[in-house]
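Working notes, beginning with the structure itself.
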Amino acid sequence: MRLEPLPNPSPLRSVGVTLLALGLAFALVGGVFWAYGLSPLEAYRTMLEGTLLDPRGWQEVLRRTIPLLLIGAGLSLAFRTQFYNIGAEGQLLLGAVLAAGVALFLPLPPALSLPAMALAAALGGALWCGLAAWLKNRFYVNEILTTLMLNYVAQSLVIYLINGPWRGKDVRGYIYSDRFAEYQQLPVLLGSNVHWPTLALGIALALLLQLLLFRSTLGFRLRVVGENPGAARYLGISQSRAFLVVALITGGAAGLAGFGEIAGIHHRLIEPTQLSSGYGFTAIIVAWLARGNPALVLLTAPLMGLILAGGDVLKVSFNLPFRIVDVFSGVMLFALIGSELFLRYRLRHR
């Protein structure tokens, strides 16, 4: 037997390989449940009953889906262009910082406050990711390293602000900033934390990026850069400009996710671990499952939202370790990366 490259794998093959990878991931995680003395079937049944069959569980799935949808749509575009942004977590935090700065210190009319917060958040995330793109274009610094390290800089910045100049006047126990005014809070679905304007924005962003990628000249240039850099140079397409464009888009989307978290749920700037449950890293799986198609994030983001919400159900129901969701995410990403071999090659019997 030998491996034969597939230059253009069919969509059916891509779907099949992805489903097999997901099946393998669920089987491996089932082994982890079994090691803890828990039946895998019982664990998965409890996850589904506590999320899909429970109204409050549905709300929790939607709440987790919103940031994954925004970040995942941007990352799918970046990965398609082979700009590997691993810093969406930090870009989310920078978006939250700038949105909170507008809410706390910029006196604006109530009608303009929320749009200004959203714009500032998108700008903060875009600049944070654009810095990595500039370093890549100017000094050939690997964007995986820069975006990853900038996550920790963003975390330190948030901690400094809420412990220092932005510390709230009524702080008790946890450290946080002052609360936002009522008109600076996003509306939510009745009886839930689902901030529907950001959900609608995420859906629109995924569809717009799909149109941009496959129905515009810019999208054609981005796809050529990602699929064949040599052809891009021959056609005179600037690789540096393509990286900068996707960095600004994906960073801006992550910044909007940070805006949604603080304006729709927390209504103040809080500690990084409370502000984001690792959405920036989980969205990497969302984007990888989408295989470079932003519109498919409309399916993959709810799937990961279901896993995150179901992980909370398992922690409460069976007293499983807090990091069980991280195991889920890690195994899934490992299976998806391993499946790339069978997506790009096929076995030939000689």
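Tabulated data for the structure shown
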item	result
For the chain, calculated [θ]222 nm from helices alone, where every DSSP H run of n ≥ 4 adds -39500 (n - 2.57)	-24000 deg cm²/dmol
Where Rh is the Kirkwood radius over Cα pairs, Rg/Rh for region 39-319	0.99
Cα coordinate range in region 197-350, projected on the principal axes (Å, largest first)	56, 51, 23
Part-to-part distance (alpha-carbon centres) for region 59-109 and region 143-193, which is given in Å	13 Å
Hydrodynamic radius (Kirkwood) for region 133-182, which is based on Cα pairs only, to one decimal in Å	13.2 Å
Whole-number D in µm² s⁻¹ for region 1-101, Kirkwood Cα-pair radius fed into Stokes-Einstein, 10 °C, 1.306 mPa s	90 µm²/s
Space enclosed by the convex hull of the alpha-carbon atoms of region 132-237, per residue, Å³	190 Å³
For region 250-264, Karplus couplings with θ = phi - 60° (6.51, -1.76, 1.60), whole Hz, Gly/Pro x	5, x, x, 5, 5, x, 5, 5, x, 4, x, 5, 7, 8, x
Net +/- balance of residues flanking Gly57 in space, Cβ distance below 10 Å, scoring K and R +1, D and E -1	-3
Simple label model, 7 Å out from Cα along Cβ direction - Arg241 to Phe220, nm	1.5 nm
Region 39-319: relative contact order as a whole-number percent, Cα under 8 Å and 6+ apart	40 percent
Protein accessible area in the chain, 1.4 Å probe - carbon and sulfur %	67 percent
Extreme residue, positive dipole direction of the chain, given options Val194, Pro55, Gln210 (C-beta unit charges)	Gln210
Highest-MSF residue in the chain out of Thr300, Thr51, Thr273 [GNM, Cα springs under 10 Å]	Thr273
Ranked packing of 89-97, 314-322, most packed first, by mean Cβ within 10 Å	89-97, 314-322
Cβ charges +1 (Lys, Arg) and -1 (Asp, Glu), total dipole of region 213-350, debye	780 debye
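The values are calculated or read from the model by the stated rules, or taken from the named source; none is laboratory data. Note that the coordinates shown come from a computational prediction; the quantities given were computed from them, not determined experimentally. Note: ideal-geometry Cβ built from the backbone for every residue, glycine included; neighbour counts use all protein chains shown. Surface areas here come from the heavy atoms of the whole protein model, side chains and all, with no ligands, DNA or RNA. Shrake-Rupley method; radii C 1.70, N 1.55, O 1.52, S 1.80 Å.
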